[in-house]
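See structure below.
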Amino acid sequence: MNSPSFTLREERLFLLFDPRRPSRVSRTLYLVEPPEHCSGFNDGPIKMKLDTKLKIPVYDEETVIESVEMDPPPKSGVKLRAEHHELKIANSCNGLLCLCEPTLDFPFKVWRNPIAVCNPITGEYINLPDPIEWDKDMKRSLSIHCGLGFSPKMNQYKVIRFREPLISWARESGSMTEIHTLGTGSWKRVCNVPSSLYYNNGSPTYLNGSLHWIYTEEKGSNTIVSFNFDIEKFQSVPPPPFKLWKIDKEMTGEWVLGVLGGCLCICDGSGFEKLKIWVMKEYGVQESWSKEFYFITQTNEGRWIYGTYDSICLLRNGAIVLFHSLSGALFYHDPKKHGFKFLKPQDGYKSPKYVAIAHIPSFISLKDVVKGQYMAVLPTKSRCAEFKLQGECKDVFLVEEDPAMTGF
């Protein structure tokens, strides 16, 4: 297929890698800037050292500090469990990260309870205030979702948080939703919450003042829903010209929302061997959906690289970079050339697993965001940051790997 037909925005898009190991905790994030030259990742073989390292805080730092002071750790570092101390990233918005409390995910249950917002470039973070009373019923929740967004009209950053009840009859009245404006000391309830929405695919996607999700309705079909931060209301988004039917867990792929070239897009991995990427060239206009990429994810040895794909960025040479979640690798495809490349992080551990999201760094200070009200802006380099943690690697490389040999 030819190069994409829509205009590319000249943005310096980065990749954000977040190591995930259940028995170890890492505070380190790795930023990768795609090549600016016209050849993209076509020159090979690729081996790129990830030199830009950023830090995020760990959860419950005071407990970690007290534990270390009472029982000095070995030279290998402090050993922490991910489900106790590793903050998760919900989404990225204008260089800020929404961080969630540690937890273990289960099939068809997403637990993203927001507790902090961080700018890893400036080394700042703020803790969010405690939510309102429905927190007492969290154990009776099917899932908790959240996301960070920006209101261009009000020039404010906001975090949305909503709980989906576990009991089906409770879902008929809609999810319990609240919103917090950074710089205030409280949350408030949100009305017009969609009913019968009970499962979320992927992380929320921020674009044009709204967060976007793909939801699975109880009747079995999927739909695109957005939350507009200017008017603080949920809205429907015109879908592409095909039905987003619910995908059973036995199937090999699903639809994932993202942004490419400043436009809303969908990575359609519902076919076993074919990957299609749809782009909404004019936001909110259903007729503007266009299938910009269509290729077969089969290696030269005949292996199908099935699973979900997240959009990361378009390069200046017209190539696309995706993240393949099952293998934890980047998927690079130049439509002017045959085949694709797998770029995988290597850190010396056997079968390392990484997560990647699109992220555009910024120097926005959280002190300017909260304007000194109600919230203390804290440094990511605290006393706890002085401790070495087991699982934090000294060097990480992005290495081209034979996709036929990739284990997943």
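The values are calculated or read from the model by the stated rules, or taken from the named source; none is laboratory data. Small disclaimer: the values here were computed from a predicted structure and weren't measured. All Cβ positions, glycine included, derive from the backbone under ideal geometry; neighbour counts span all protein chains shown. Surface areas here come from the heavy atoms of the whole protein model, side chains and all, with no ligands, DNA or RNA. Shrake-Rupley method; radii C 1.70, N 1.55, O 1.52, S 1.80 Å.
Structure above, values below:
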item: Residues located in the stretch 314-327, provided they are surrounded by 20 or more Cβ atoms within 10 Å (Cβ to Cβ) and not small (Gly, Ala, Ser); result: Leu314, Leu315, Ile320, Val321, Leu322, Phe323, His324
item: Filtered residue count, the stretch 298-310, keeping only those that are surrounded by 16 or more Cβ atoms within 10 Å (Cβ to Cβ) and under 19 Å from Lys337 (Cα atoms); result: 3
item: Condition broken by Ser236, with the remaining ones in (1) closer than 22 Å to Glu178 by Cβ; (2) open to solvent by 30 Å² or more (accessible area, probe 1.4 Å); (3) modelled with pLDDT under 75 satisfied; result: (3)
item: Subset tally (residues that are open to solvent by less than 10 Å² (accessible area, probe 1.4 Å) and closer than 20 Å to His359 by Cβ) for the stretch 328-347; result: 7
item: All strands (runs of 3 or more DSSP E) inside the stretch 1-72 with 3 or more residues being modelled with pLDDT of 75 or more and hydrophobic (A, V, I, L, M, F, W, C); result: 28-32
item: Positions within the stretch 162-189 being modelled with pLDDT under 90 and of a type in the set (Lys, Arg), in sequence order; result: Arg163, Arg171, Arg189
